[in-house]
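The values are calculated or read from the model by the stated rules, or taken from the named source; none is laboratory data. All figures in this text were calculated on a predicted structure; none of them were measured in a lab. Here the Cβ positions follow ideal geometry from the backbone for every residue, glycine too, while neighbour counts run over all protein chains shown. With ligands, DNA and RNA removed, areas are computed over all heavy atoms of the protein, side chains included. Shrake-Rupley method; radii C 1.70, N 1.55, O 1.52, S 1.80 Å.
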Amino acid sequence: FCLSSSTCETHLITGVYDEWYATMPKGPVHPGHILLVPITHTSAGAWTLNQEWVKLVESVQEHASQVYDMDLFVFERAMETRGGYHTHVQCIPVPRDCTTRLQSVMVAHAKASGFDLRPIQSNLGVKAMIEKNDSYFYAEIRTRLHQQQFLYRRGSDNENGSFVPLQFAREVLASVLSNPKLAHWKACVVDKEQETKLASDF
């Protein structure tokens with residue numbers, strides 16, 4: 001994820017902006033699957049950082065709509081992992097007829113996984129609900145008509161709160177799209193030539 005790293009796979013990058021960049025992931029769910037990553041290395045949640053990424057999500061949604069005639073599933077798992085965590089927001093085009101099922105399956109899967117993922121009803125906005133050192137899982141389903149947001153906050157004062165499984169969102173998509181392969185990125189990896197073409201086409 002670090003642009004300054006000698007191992008950064010620059011062939012995947014689709015755009016560099018003021019404080020964020022866009023890149024294709026390893027093992028994409030869809031040819032329009034994009035990660036938004038802060039240029040400066042950080043493990044802070046995206047909602048606590050410069051929010052240039054929010055505008056980029058809007059651009060990715062427009063691309064998904066115009067190029068693929070699809071809606072957009074956006075999520076961030078802002079929780080430490082064994083190898084460390086570098087902030088990133090995932091944006092995945094999804095069929096327009098699956099968004100209602102996506103919502104219900106995601107909430108049910110969260111409950112089965114031991115955490116309470118709730119729709120955001122407040123007008124305060126997500127940023128007001130998250131503190132700098134919080135861990136959280138955030139998701140939104142963006143259609144042409146509306147944007148539904150969901151949040152599970154495991155605050156810094158909640159040491160006993162549940163962790164969200166690393167592949168949680170992909171497992172939800174695998175269920176909704178009836179494609180078990182999508183549940184883990186390693187099952188979807190393509191060779192460098194295909195990765196380069198995907199990024200170039202995007």
**Fill in**
Taking Lys and Arg as +1 and Asp and Glu as -1, residues besides Thr42 with C-beta under 12 Å from its C-beta add up to 0
**Asked** Can you give the percent of C-alpha pairs in segment 79-146 whose distance is more than 19 Å?
**Response** 48
**Request:** Calculate, in whole percent, how much of the Cα-Cα pair population of the chain lies beyond 30 Å.
**Result:** 15
**Message:** I want to verify a result. In a Gaussian network model of the chain, Cα cutoff 10 Å, which of these has the top mean-square fluctuation: Gln103, Gln61, Gln148?
**Reply:** Gln148
**Asked** DSSP loop GluC sites (Glu not before Pro) in segment 99-201 with at most 10 other Cβ atoms within 10 Å of their Cβ, which ones?
**Response** Glu159
**Request:** Can you spot the lysines whose alpha carbon is less than 19 Å from Lys55's alpha carbon? Ignore those fewer than 8 places along the same chain.
**Result:** Lys127
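What GluC sites (Glu not before Pro) in segment 38-92 are in a loop by DSSP, with at most 16 other Cβ atoms within 10 Å of the Cβ?
Taking segment 38-92 and a limit of 16 other Cβ atoms within 10 Å, the loop GluC sites (Glu not before Pro) found are Glu80.
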**Asked** Under a point-charge model restricted to the Cβ atoms of Lys and Arg (+1) and Asp and Glu (-1), what is the dipole moment magnitude of the chain relative to its Cα centre, in debye to the nearest 20?
**Response** 480
**Spin-label model distance (nm) - Leu145 vs Lys192, 7 Å beyond Cα toward Cβ** = 4.7
**Complete:** Other residues with Cβ under 14 Å from the Cβ of Met70 give, with Lys and Arg +1 and Asp and Glu -1, a net charge of -1
**Fill in**
Env charge @ Leu182, Cβ radius under 14 Å, K,R +1 / D,E -1, value +3
**Prompt:** Which residues in segment 9-34 have a backbone N closer than 19 Å to a point placed 7 Å from the Cα of His86 along the Cα-to-Cβ line?
**Reply:** 9-29, 33-34
**Complete:** Given a 1.4 Å probe, the accessible area of segment 25-129 per residue, as a whole number of Å², is 46
**Complete:** Excluding ligands, DNA and RNA, the carbon-plus-sulfur percentage of the accessible area of segment 33-86 with a 1.4 Å probe reads 49
**Prompt:** Considering the chain as a Gaussian network with a 10 Å cut-off on Cα pairs, which listed residue, Leu173, Leu124, Leu145, attains the greatest mean-square fluctuation?
**Reply:** Leu145
**Request:** Mind checking the full-extension length gain between Glu58 and Ala128? Use 0.36 nm per residue of separation minus the Cα-Cα distance, one decimal, nm.
**Result:** 23.2 nm
